[in-house]
1. Per-residue HN-Hα couplings for region 152-163, Karplus 6.51 cos²θ - 1.76 cosθ + 1.60 at θ = phi - 60°, whole Hz, x for Gly and Pro?
2. Return the long-range amide H neighbours of ARG109 (sequence gap of 5 or more, or a different chain), with a cut-off of under 5 Å between placed amide H atoms.
3. Could you go through region 197-212 in sequence order and give the Karplus-derived ³J(HN,Hα) for each residue, using 6.51 cos²θ - 1.76 cosθ + 1.60 with θ = phi - 60°, rounded to whole Hz, and x for Gly and Pro?
4. I need the peptides 273-286, 162-175 ranked by packing, meaning the mean over residues of other C-beta atoms within 10 angstrom, with the highest value on top.
5. About its Cα centre, how strong a charge dipole does region 192-326 have in debye, to the nearest 20, once Lys and Arg get +1 and Asp and Glu get -1 at the Cβ?
6. Largest first and to the nearest Å, give the Cα extent of region 206-283 along each principal axis.
7. Could you work out the local net charge near LEU322, counting Lys and Arg as +1, Asp and Glu as -1, over the other residues with Cβ closer than 14 Å to its Cβ?
8. Pick out, from PRO231, THR308, LEU287, the residue whose Cα sits farthest towards the positive end of the charge dipole of region 192-326, with +1 on the Cβ of Lys and Arg and -1 on the Cβ of Asp and Glu.
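We did not get these values from a lab; they are worked out from the coordinates using the rules stated. Predicted model, so just to flag it, every value in this text is computed and none were measured. Please note: Cβ atoms are built from the backbone with ideal geometry, for glycine as well, and neighbour counts cover all protein chains shown.
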Amino acid sequence: MMPTLLLPAGLLALAALLLPVLVHLARRQTLVPTPFAALRWLRAKARPRRQVRLDEWPLLLLRLLLLTLFALWLAQPALQGEPSMQRWSVVAPGVDPAALPPPAEGEQRRWLLPGWPTLDAPSSDADAAVPVGSLLRQLDMELDASVALTVYVPDPLDGADAQRPRLSRGVDWQVLPAAPRDADAVEPPLRLAIRHDAEHADGVRYLRAAAIAWSPEGAVEAADVGGIDVPVPPATQVLAWLVAGEVPQAVRDFAAQGGTVLLATDATWADAAPPVPVWRDADGGLLARASRHGRGRLIHFARPLRTTAWPQLLDPGFAGELQRQLQLPAAPTRAPASDYAPVQAELRWPASLRELRGPLLWLILLVLLAERWLATSRRRGATP
């Protein structure tokens, strides 16, 4: 570890070291007059010259040390790790660890997952959608520049973004066949909660029927229906708020945390983002608008949930169309592994540092206590 200073200008505070010296030079002993006989019979002698003398060296040294430590604290000392040649290998989810070649001497192998777990930790198929590009950029910033990096990825690669990663080092990009996976599981149905007032009770039936159509056969309750005071279950993904007037804070928080809110025509959202039309009927008539709020979405019905205003509520395809509006297609993240190999670029990441201001502050406090104890000791003379 090599010491360094993040703010060398803080050492200018060392000029304050003159203060304790000046204080000790200006210190005067208390003179007590003492009556005595006449001195006319004494021979005249030269007056003693005043000599520069520093008293109480231990106290002076403590004060100088205290100011020196404080100036060093202002300069923000830190320890910089020394470069150490080593090799890292990361394995993207979807690669069978048994298919990897034997590790080289000193090689560290980790999963390409947040926290860089070891290969002893299992990697499930759910981890296959991790953002590979973002994790590689993060790893490139955290590793020392001298560390050689090997990346094992499956083909095809899941978790790719729109741009090939640009890293500060060359990467040994190893493409391996993807491990066999189980058959794709059926996507779970949307969990819908409906909260309504008396005026919108008739419209609940159409949303409940749509939820039944989404649910697997044999589902007892497809939608959680209740009044405005009933809490929303934690696993709810979609909340239908069929209540007139301004929406409460609880509904806002639900959308901000990533939920989707269906709003009745007479429900108001004061600070909603400008909506855009997202749902029209066959004749081009507007059925719903959508906008974003936090990490969630708002879908505001343009028509009341009544067959007189919205005849399509009775169509067999209403449930499927509503489901498509609620489930936005995800951005494509699958790409050929060979086409996603990182590109080396002129990037310089800050070296990893360990700041020492915390331990240094404790040392300053200890020296300050020692200085105060010595300065207030009864064995001292006059205080400077």
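1. Values per residue, Gly and Pro as x: 9, 10, x, 10, x, 9, 9, x, 7, 9, 7, 9 Hz.
2. Residues meeting the amide H criterion: SER89.
3. So the Karplus estimates, Gly and Pro as x, are 9, 5, 5, 10, 5, 5, x, 5, 4, 6, 6, 5, 5, 5, 5, 5 Hz.
4. Working: 273-286: 11.2, 162-175: 15.3.
Going by the mean number of other Cβ atoms within 10 Å, highest first, we get 162-175, 273-286.
5. Working: 12 positive and 15 negative charges, 81 e Å.
Its charge dipole is roughly 400 debye.
6. If we take the Cα atoms of region 206-283, the spans are 41, 38, 22 Å.
7. Values: positive: ARG205, ARG208, ARG280, ARG297, ARG303, ARG324; negative: ASP281, ASP315, GLU321.
So the surrounding residues net to +3.
8. LEU287
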